[in-house]
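**Q** This is the structure I want to talk about, given as structure tokens.
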Amino acid sequence: MSPFKLTLLRWGFSLPFAVMGVYMSLAARRVLLKKLEWRRRGILAEGEIVDFKAETPTNEPAGHPLFAPVVAFTAQDGETIRFTSARSLRPNPYVVGQRVRVRYLSGDPDGADLEAVTGAWWPLAALVVMIAVAFTVAALPFILPPPDPSP
């Protein structure tokens with residue numbers, strides 16, 4: 001195989017992984033900035049679980065729903081806010097009437113969520129691992145020696 005074709009193949013293999021790594025890096029930046037904003041400006045409040053919303057993932061067979069807690073809390077301005085958490089779980093670790101910590105941004109109490117969700121760093125950690133894998137795979141054709149053309 002000619003050196004030009006080999007270089008073209010290497011770039012053709014590496015480019016999609018590099019693009020994916022860049023995209024995930026931008027996503028990780030957004031997640032990090034959001035987490036830092038929640039930490040810096042987030043207001044903690046005590047809420048109460050008032051209900052559960054059953055959600056069935058599209059990949060799962062019917063009859064195996066996940067449960068997202070519906071939480072009510074009182075914001076600093078005295079307004080009672082009710083929201084459904086972004087985290088759905090099965091089995092459900094919560095019970096109706098349970099007191100939970102809620103975090104929200106002062107200008108957006110409707111965007112509140114459980115502190116366990118807003119404080120979780122695992123999504124960012126997972127993105128960082130996927131970024132490292134994508135960039136490593138993208139670099140492999142340039143790190144490894146070219147294949148030996150002789151049989």
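Every number in this text was worked out from the coordinates using simple rules, so none of it is lab data. Please read these numbers as outputs of a predicted model, since none were measured by experiment. As a convention, Cβ positions derive from the backbone with ideal geometry for all residues, glycine included, and neighbour counts pool all protein chains shown.
**Q** Between helix 3-41 and the chain, what is the angle of the helix's C-alpha long axis to the longest principal axis, kept within 0 to 90° and rounded to the nearest 10?
**A** The angle comes out at about 20 degrees.
**Q** I need the calculated FRET efficiency for the pair residue 39 and residue 82, taking r as the beta carbon distance and R₀ as 22 Å, to the nearest 0.05.
**A** Taking R0 as 22 Å, the efficiency between residue 39 and residue 82 is 0.35.
**Q** Report the dimensions of the chain along its three principal axes from the alpha-carbon atoms, largest first, rounded to Å.
**A** Answer, in whole Å and largest first: 75, 40, 17 Å.
**Q** First measure r as the distance between the Cβ atoms of residue 92 and residue 126, then evaluate 1/(1 + (r/R0)^6) with R0 = 25 Å and state the FRET efficiency to the nearest 0.05.
**A** The calculated FRET efficiency here is 0.60.
**Q** Would you mind putting 106-116, 136-146 in packing order, based on average other-beta-carbon counts within 10 Å, highest first?
**A** Final packing ranking: 106-116, 136-146.
**Q** On to the next question. Ranked highest first by the average count of other Cβ atoms within 10 Å around their residues, in what order do 124-130, 76-82 fall?
**A** Listed from highest to lowest mean packing, they are 124-130, 76-82.
**Q** Please sort 95-105, 10-20 by packing, taking for each peptide the average over its residues of neighbouring beta carbons within 10 angstrom, highest first. It would help to have the intermediate numbers written out before the result.
**A** On the way: 95-105: 15.7, 10-20: 14.2.
Order by mean packing, descending: 95-105, 10-20.
**Q** Ok, one more. Excluding residue 104 itself, what net charge comes from residues whose Cβ is under 9 Å from its Cβ, given Lys and Arg +1 and Asp and Glu -1?
**A** -2
**Q** In degrees, nearest 10, range 0 to 90: what is the angle between the Cα axis of helix 122-143 and the longest Cα principal axis of the chain?
**A** Once rounded, one gets 0 degrees.
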